[in-house]
Amino acid sequence: NKLGDQNITDQYKIQKKNLRSYVIQRLCESKESSQHGETFSQIPKPRLTKKTTEIKPYNCSICGKGFMLHSSLTRHIRSHPGHELDGFKNREKPYKCKDCGSTFSYLKSFQRHERAHTGENPYTCARCGKAFIYYRPFQAHERAHGGAAPYQCQHCGKALSSPGSLRIHTRIHTGEKPYACKKCGKAFSCPSSIQIHERTHTGEKPYKCQECGKAFVSRTSVQTHMVTHNGDRPYKCTECGKAFIRPSFLRVHERIHTGEKPYECKQCGKAFRCSTSIQIHERTHTGEKPYKCKECGKAFSARPAFRVHMRVHTGEKPYKCRECGKAFSRHSYCKVHERTHTGEKPYECKKCGKAFISLENFRRHAITHTGDGPYKCAECGKAFIFLSALRTHERTHTGEKPFECKLCGKAFSCSSYVQIHERTHTGEKPYACAQCGKAFIYPTSFQGHLRTHTGEKPYRCERCGKAFSLRSSFQRHERTHSG
């Protein structure tokens, strides 16, 4: 507002007067001292350094942070959304970006900004090869290699290369979020985070993939997306060989091997490897679900879960099988599917030796041995490994069927059921046998058919020892014993 901006401008004028008074006072002191035989070789100038004094005469009226230089305060003020000095509001900005429409007062600023679109990273680390758009982050990164990270977090011991990085990092522990969105009120600990968030309201997506033209709200999102085209993951784990596109992702992954969990929940004491994990976890205590689907009203506590859910409505399936071309909404689904071609079954049961293509199938199988799981149905006591599986099961008791077929109106208790059902309308049979070419609508039918070729009979009757290739045949047989 105009009154707030005027207050900031008035504050600058007062601080300039205070600084002039400070310099005059020091001059007077120097004259008095010279009369007593003392001399000052240099009068302190406004450009003070940490070595000479800790006085920071310029203070931000919004957050209270102090600065040595007026120019530093000016730059800082711009990090608070909606707060600018009158001089900057009226300044001419002749340089306009063709990609996103952002305008700049200086040619250098404009040229630096253009790198975000072109992908140019002119500053490359000689030690690890990591490249940077801007010089300052590059300098900070090099200091981290040299062990020059003198700013240590008192909460977790992490060392940072700059006081600004330390301040932002400390907010993970304190929960401080000084940057609030004017549209929805959501608060953030970092100015760059709020800038990215605000694009979800404006619809602005300034970062474009040069391969396929897809646009993104942040540079990190487009970098992550680029891996789907070039497969470039330069940071490898020395323990298991898994590769990552960013060193920060590798550091978080390495904690799986070391067991380190530096982020602890203040409510329940549960510890996490990653700062984003604790933020999502804390929402289980507060009940906050900031990501709401406009199509069906379902809300989510985490953005990745929300994005994946949206694909149910849009039909987007960005992950394709390299063998048969089948598309999937999740990368994990595509990986599991590809194992049906390779025959790989990495999850083996230590009790009976049976192997599985997915962790979910393995965990579901493990319950048959233990009879226990973390999520239990209050109605019948059945145990589940995932909360989502329990919720789907509970609908068998309540009769709730929130997922409806758009073609015939038939309702289902689970989203995957409606997707499979829709194949009865389209005639799609995505599961084809490599041996005889027979195709199937349902994955369970396909798996059962494959056993007719392999001779595998995994369902054995404990009463008479007879074995079956299909669960349905086994269940029918069991009824002959029970009468």
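Any read-out appearing in this document is the output of simple, stated calculations on the displayed coordinates, not a laboratory observation. Just so it is clear, the model here is predicted, and its values are computed rather than measured. Positions of Cβ are generated from backbone atoms using ideal geometry, with glycine treated the same way; all protein chains shown enter the neighbour counts.
Charge dipole of the stretch 345-482 (Cα centre as origin; +1 on each Lys and Arg Cβ, -1 on each Asp and Glu Cβ, all else neutral): 420 debye, rounded to the nearest 20. Applying 1/(1 + (r/R0)^6) with R0 = 60 Å to the Cβ-Cβ distance of Gln475 and Glu239 gives a FRET efficiency near 0.85. Could you state the number of Å between the C-alpha centres of the stretch 259-312 and the stretch 392-459? The two parts, judged by their Cα centres, are 30 Å apart. Taking amide H as placed 1.01 Å from N in the peptide plane, the amide H of Tyr459 sits under 5 Å from that of Phe468, each at least 5 places away or on another chain.
Cross-linked pairs Lys376/Lys429; Lys182/Lys261; Lys242/Lys320; Lys354/Lys466; Lys320/Lys401: Cα-Cα separations exceed 23 Å for Lys376/Lys429; Lys182/Lys261; Lys320/Lys401. Shape analysis of the stretch 232-361 yields a ratio of the Cα radius of gyration to the Kirkwood radius, Rg/Rh, of 1.01.
The fewest-to-most ranking of Phe384, Phe306 by surrounding Cβ atoms within 10 Å reads Phe306, Phe384.
Protection proxy ranking for 258-267, 328-337, using the average of other Cβ atoms within 10 Å per residue and placing the highest first: 328-337, 258-267. With the alpha-carbon atoms of the stretch 345-482 aligned to their principal axes, the span from lowest to highest coordinate is 44, 44, 36 Å, starting with the largest.
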